[in-house]
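The structure appears below as structure tokens.
Taken together, the values in this text are just the output of simple stated rules run on the coordinates, not laboratory data. These figures come from a predicted structure and were not determined experimentally. Please note: Cβ atoms are built from the backbone with ideal geometry, for glycine as well, and neighbour counts cover all protein chains shown.
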Amino acid sequence: MNIRFLLLIVFAFCFMHPVFIKSQVRTTTPECVAYDSISNRYFVSCLMSGKIIAIDSLGNMSIFKSGLGYASGCKVHGNVIYVSTMSTKYVKGFDLSTGNQVMNIYIPTAHQLDGMTTDTAGNLYVADYDYSQTNDQIFKIRLSTQSYSVFVPAGHGLAGMPQDIFYDKPNNRLIIVSASISSPIQAISLTDSAVSNILPTSVGDFDGIEMDNNGNYYLTTWATGSLIKYNHDFSGSPVTILSGLNGPSNLCYNRKKNILAVPVYYLDSVIFLSLSSIGISKEEEIIKSSNLNQNYPNPFNPSTNIKFLIIKNSFVSLKVYNILGVEVATLVNEKLPAGTYEARFSINSLTNKQLTSGVFFYTLETDNFISTKKMILIK
């Protein structure tokens, strides 16, 4: 059967069916999935084929990029998808609108580059593991300057073969999962790069970590071929959500649809799991009440207004990014009570007023909500 035809059939089921969702993405060894909320597309990095596959909301599949060598971790930030290329030691960035390459960083001291995450300060963190488990490290890339540094050096407490990273904003830390047997779940302080153990576990061999709108954590493990869930503070025993997976890898979460996308490496497939169908939708109903409006006027020059609604007390961040995902301005960065707010973005108030005409993005993020919209500056 034609691959594209098969995918269309399966995705028709995915987007109409209210419960368990499964899709067969017939591309060799899917390693990681990232979700672009602006265009409502998933991107799948395929390790052995060196391709990035784009899947739109109708299930149409296309090759976004090819020839990447070993395409491992991927992360969407702003209008850019960042990709780690494992043993070829590159971290690349591609504009999601044009497909043009906008970043190409070679890290000669890397071993096996893998999972990635971004913080709200414009940094990209990349896990790097060594099969000997003696040279594991975490790299930090400053997106505005496209420069990198070693954030956690080898020998500074990483459990062994770090696979994926999650940015835990409320606690100002990174959460790390690793592939070594019985490896603990670990945290890295963003203040001083100190590594600490959050939870010892007999499971280990983890590949991916994500968090839902309720604050629950989801981890994939090759040890048991499972997707497991921990509560927000990792207390209590984990709950198995899916089992019988042959190589569950680096998953992602669609906050708008409350869906987990889980790549299964050896099955050449991606499973789309609706968390609402398994009783994890209470917070999603709350999230839908929050709102980020389209800026007005749009297009604009020199200023525009952004209105948003927060339905419960929360730490709120509202930032503006250029098309490369580099932060241009921070409009809000504080704890706010529930209510309706309006922020003003003016290029005249910026230190660097030399912004050119074009597309910009603004992102609203609270403790349990994130939304990004596009605006246009005309000069």
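Things to note:
- Largest to smallest principal axis extent of the C-alpha atoms in the range 289-377, angstrom: 37, 21, 21
- Signed unit charges on C-beta, dipole axis of the chain, positive-most listed residue 234, 218, 183: 218
- Rounded to the nearest 10 degrees, the angle from helix 3-16 to the longest Cα principal axis of the chain is 70 degrees.
- Fully extended contour minus Cα-Cα distance, from residue 305 to residue 291, at 0.36 nm per residue: 3.6 nm
- Restraint check, 51/307; 75/373; 89/256; 335/373; 51/169, Cα-Cα greater than 27 Å: 51/307; 89/256; 51/169
- Computed [θ] at 222 nm, deg cm²/dmol, the chain (DSSP H ≥ 4; -39,500 (n - 2.57); rounded to nearest 500): -1500 deg cm²/dmol
- Rounded to the nearest 20, the Cβ-based charge dipole of the range 176-331 about its Cα centre (Lys and Arg +1, Asp and Glu -1) stands at 560 debye.
- Relative contact order computed over the range 24-102 (Cα-Cα under 8 Å; 6+ residues apart), in percent: 21 percent
- Using the Cβ-Cβ distance between residue 98 and residue 120 with R0 = 41 Å, the FRET efficiency computed as 1/(1 + (r/R0)^6) comes to roughly 0.95.
- Between the range 51-121 and the range 217-271, the Cα center-to-center distance that results, in Å: 21 Å
- The simple Förster model, with R0 at 22 Å and r as the Cβ-Cβ distance, assigns residue 233 and residue 256 a FRET efficiency of 0.30.
- Each Lys or Arg adds one and each Asp or Glu takes one away; over the other residues whose Cβ falls under 14 Å from the Cβ of residue 83, this sums to +1.
- Over all pairs of different C-alpha atoms in the range 3-280, the reciprocal of the mean inverse distance, the Kirkwood hydrodynamic radius, equals 18.4 Å.
- Placing a label point 7 Å from the Cα of residue 181 along the Cα-to-Cβ direction, the residues of the range 97-138 whose backbone N falls under 17 Å from that point are 131-134.
- Here the contact order of the range 142-242, divided by its residue count and restricted to Cα pairs under 8 Å and six or more residues apart, works out to 17 percent.
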